[in-house]
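The values are calculated or read from the model by the stated rules, or taken from the named source; none is laboratory data. The structure presented is a predicted model; accordingly, all values stated were derived computationally and were not measured. Backbone-built Cβ (ideal geometry, glycine too); neighbour counts: all protein chains shown. Heads up: the accessible areas ignore ligands, DNA and RNA and are worked out on the full protein's heavy atoms, side chains in. Shrake-Rupley method; radii C 1.70, N 1.55, O 1.52, S 1.80 Å.
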Amino acid sequence: MYAIGERINGMFKSVAAAIKEKNPEPIQDLAREQLKAGAQALDVNVGPAAEDALAAMEWLVKTIREVTEAPLVIDTTKPEVMRRGLEAAGSGSVINSSKGQQEQLDIFVPMAVEHEASLIALTIDENGIPRDANGRGEIALRAVAAAMEKGLPMDRLMIDAVILPVNVTQPTPGHVLEAIRNVKLLSDPPPKTVLGLSNVSQGTRQRELINRTYLVMALAVGLDAAIVDVLDTELMDEMITAELLMNRAVYADDFLKAYRASAAP
Amino acid sequence: MSFEMPVEKWTAAANTVTIGATAAEGGTRTSVVTVGGDTSLPFLHFEGAMPNRPVIAMEVLDVAPAEWATPMEEAVGDVSGDAAAWARKCVEEFGADMISVRLVGAHPDEQDRSAEECAQTVKSVLEAVGVPLIIWGCGQAEKDNEVMPRCSEVTAGENCLLGTAKEDNYKTITAACMADGHKLLAEAPLDINIQKQVNILVSEMGLELSRIVMYQATGGLGYGMEYAYSIMERTRLAALSGDRMLSMPMLALVGSECWKAKEARTGEDTAPEWGPVSERGVAWEATTATCFLHAGTHILVMWHPRAVSIVRKTIDSLMSQEA
């Protein structure tokens, strides 16, 4: 699984403070720690509180780039902030994200092509989040069509079927699993699938347990990537074990160590 | 309709490993060997790079085998009691890229030669030839733990390939390799899971992954070759998919395995329908070696000079883009 570390996000107080004070150390520590824990890419989100989102994004990306060349997942809804982030991060980055209405795809798909980036497309459109798997599939198909039309290869399109907290809407986890399976039938080669995992447990009391159980379920139906707390060792252990059971890695008695040693930058 | 070659896209490569050290690198070798670096399955030049050609090491033993097959007796019988002379003949007459010295005489059930005697043998071979060395113990764990550190010491700085580290006996030889600047041969008994585990164990001792070559045990034609083949192929696929714990170059022991086979040894008087013994063993060895080339072997350890010559031509042809 392509593990995207979620911790460099202005929603966390320490990150917000570092952005405000332009203090690189906490950010660079988080980048290093997440990569060491098995992240293959790092999500970068300036958070809602940043006064000048453009400048904050540029500073964050450049600060991270001082310590790693790992792919960065630029996490913003604003096209101009996205563009600034992509320019600072270089090719191989990920746009996180475009919604599924045509106007948004018309902006972000060409941006992904131009910057040699991947694109996360959410199955949300002007009508909101679909109630079921079919609705998610319809929006995903729109993203697939846009990618084909504009020349974005399928292995750089990542469909996020949008998980909601289980204590808000209990049928959704099932719908999302069905959608992940269906997305793989939309084209050949199919697009990739991704989830912002931690959302499934928002507001619950057993956040880690719900996160890691759902991650394993999603991997079993073909999930390719997830934005996760890679510093949660148990979550990563479950992910590594699920990959092994799916025959995506060769068994060895110390398979957890092997995965981590292979992932170490 | 035109034919379009199907091309796999891989994300990683096999490791590149160099064996041997010249004077400039602190050793005394006149040539070194670099293997690995492949970015596709073997010889698929349209799909990926194979920057280094597979190499042929010829094997010499510290004591002459009790019973040579006739063709082997004819080829090297005159030198087989003298490891240094045997090695020199392999390099000067037969063009070996490397010499593999196996200290079978150290085994307590054989001649129980001491660590010092073994080290002297290794040293004599080192002085006799300029190519890099592979050095093996006798296969008995306790004895190898005495013999191999001494052989490592007397070849310090020569960047030899030392074997073997196994799942239940890896610490002594790994430590020796690290101390004396050698490469390590990590062995598993036809088992990809154990191979990966051995690689993890030795790397946890601090040996870089780039200093390991894998030996997964070899079966000759008719004696398990297909098991070894499928394991090596699967190992290579794992490497190309990014499994760093299985990305090391691979070695196969072709000569000794093939010349054990009754089909290679039995005389014409016993089995006239099998054809001339002078051809059979050579064909057995060349066929086995060729199969392992296709499985992804980087270092072939061979015995008979004529088999070596046939396989070298095969490598030439497979490495040329027009092949």
message: Taking each pair of distinct Cα atoms in region B:54-319 once, what is the resulting Kirkwood hydrodynamic radius in Å?
response: 18.6 Å
message: With just the Cα atoms defining each centre, how far is region B:102-137 from region A:212-265? Give it in Å.
response: 45 Å
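Express the Stokes-Einstein translational diffusion coefficient of region A:25-139 in µm² s⁻¹, to the nearest whole number, given a Kirkwood radius over alpha-carbon pairs, 25 °C and a viscosity of 0.890 mPa s.
The estimated diffusion coefficient comes to 165 µm²/s.
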- request: Using only alpha carbon pairs under 8 Å that are at least six residues apart, calculate the relative contact order of chain B and give it in whole percent.
  value: 19 percent
Residue (of B:177, A:12, B:161) at the positive-pole extreme of the protein assembly as shown, dipole from beta-carbon charges: A:12
- request: Only helical DSSP H runs with n ≥ 4 go in: add -39500 (n - 2.57) per run for chain B, normalise by residue count and round the 222 nm mean residue ellipticity to 500 deg cm²/dmol.
  value: -12000 deg cm²/dmol
task: Work from the charge dipole of region B:54-319 (Cβ charges, +1 for Lys and Arg, -1 for Asp and Glu, about the Cα centre) and give the residue of B:298, B:63, B:90 farthest towards its positive end.
output: B:298
statement: Here region B:214-224 yields Karplus 3J(HN,Hα) values (6.51, -1.76, 1.60; θ = phi - 60°; whole Hz; Gly and Pro given as x) of 9, 10, 9, 6, 10, x, x, 3, x, 10, x
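How big a patch of accessible area, both sides summed and in Å² to the nearest 100, lies buried between B and A at a 1.4 Å probe?
For chain B against chain A, roughly 1100 Å² becomes buried.
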- line: Of the residues A:175, B:118, B:225, the Cα lying farthest along the dipole of the protein assembly as shown towards its positive end, which is defined by charges on the beta carbon of Lys, Arg, Asp and Glu, belongs to A:175
message: Based on alpha-carbon centroids, what's the gap between region A:1-29 and region B:189-216 in Å, whole number please?
response: 37 Å
- request: Only loop residues by DSSP count here, and only those with at most 10 other Cβ atoms within 10 Å; note down the chymotrypsin sites (Phe, Trp or Tyr not before Pro) in region B:1-91 that meet that.
  value: B:3, B:46
query: Comparing B:120, B:195, B:216, which has the greatest mean-square fluctuation in the GNM of chain B with Cα pairs linked when under 10 Å apart?
result: B:120
- prompt: Summing -39500 (n - 2.57) over the DSSP H runs of n ≥ 4 in chain A and dividing by its residue number, what mean residue ellipticity at 222 nm do you reach, to the nearest 500 deg cm²/dmol?
  reply: -15000 deg cm²/dmol
Of all accessible heavy-atom area on region B:52-180, the percent that carbon and sulfur account for (1.4 Å): 41 percent
- line: At q = 0.09, 0.11, 0.23, 0.24 Å⁻¹, the log10 of I(q)/I(0) for region A:157-265 from a Debye sum over equal Cα scatterers comes to -0.24, -0.36, -1.28, -1.34
statement: Unit-weight point scatterers at every alpha-carbon of the protein assembly as shown, Debye formula, q = 0.05, 0.08, 0.12 1/Å: log10 I(q)/I(0) is -0.29, -0.67, -1.10
statement: Kirkwood Rh over alpha-carbon pairs of chain A plugged into Stokes-Einstein at 25 °C, 0.890 mPa s gives a D in µm²/s of 132 µm²/s
Average accessible surface area per residue within region B:54-319, 1.4 Å rolling probe, Å²: 35 Å²
message: I'd like the residues of region B:213-248 whose 1.4 Å-probe accessible area shrinks by no less than 50 Å² going from the isolated chain to the full set of protein chains.
response: B:244
- line: Candidate cut points under GluC sites (Glu not before Pro) in region B:129-238, DSSP loop plus at most 15 other Cβ atoms within 10 Å of their own Cβ, are B:208
statement: If amide H atoms are modeled at 1.01 Å from N in the peptide plane, then the residues at a separation of 5 or more from residue A:195, or on another chain, having amide H under 5 Å from its own are A:225, A:226, A:227
- request: Quote the convex hull volume per residue of region B:183-323, based on C-alpha atoms, as a whole number of Å³.
  value: 113 Å³
Whole-Hz couplings from phi, Karplus 6.51/-1.76/1.60, listed for region B:14-25; x for Gly and Pro: 5, 5, 9, 10, 10, 10, x, 9, 7, 4, 5, 9
statement: Under a Gaussian network model of chain A whose springs join Cα atoms within less than 10 Å, the largest fluctuation of A:112, A:147, A:50 belongs to A:50
query: Size of the dipole of chain A about the Cα centre, Lys and Arg at +1 and Asp and Glu at -1 on the beta carbon, nothing else charged, in debye to 20?
result: 220 debye
- request: Search the structure for amide H atoms under 5 Å from the amide H of residue B:250, placed 1.01 Å from N in the peptide plane, and list their residues when 5 or more places away or on another chain.
  value: B:214, B:298, B:299
- prompt: Which residues' amide hydrogens lie under 5 Å from the amide hydrogen of residue B:27, considering only partners 5 or more residues apart or on another chain, with H built in the peptide plane?
  reply: B:22
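Which GluC sites (Glu not before Pro) in region A:90-183 pass both tests, a DSSP loop state and at most 11 other beta-carbon atoms within 10 Å?
A:126
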field: Rounded to whole Hz, the Karplus (6.51, -1.76, 1.60) HN-Hα couplings of region B:95-105, x for glycine and proline
entry: x, 4, 6, 8, 10, 10, 9, 10, 8, 4, x
message: Exceeding 25 Å between C-alpha atoms, which entries from my cross-link table qualify? They are A:36/A:150; A:22/A:257; A:99/A:192; B:171/B:196.
response: A:36/A:150; A:22/A:257
message: Using the Cα centre of chain B as the reference point, and only Cβ charges (+1 on K/R, -1 on D/E), how large is the resulting charge dipole? Debye, rounded to the nearest 20.
response: 740 debye
Accessible surface of residue B:173 - all protein chains present, 1.4 Å probe, nearest 10 Å²: 10 Å²
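Of the beta bridges DSSP finds with both residues in region B:54-319, what % are antiparallel, to the nearest 5?
Roughly 5 percent of the DSSP beta bridges within region B:54-319 come out antiparallel.
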Threshold 30 Å² - residues in region B:165-212 whose accessible area is reduced by that much or more when the chain is no longer isolated, probe 1.4 Å: B:193, B:196, B:197, B:200, B:204
Dipole magnitude of the protein assembly as shown, debye to nearest 20 (Cβ charges: Lys/Arg +1, Asp/Glu -1, about Cα centre): 1360 debye
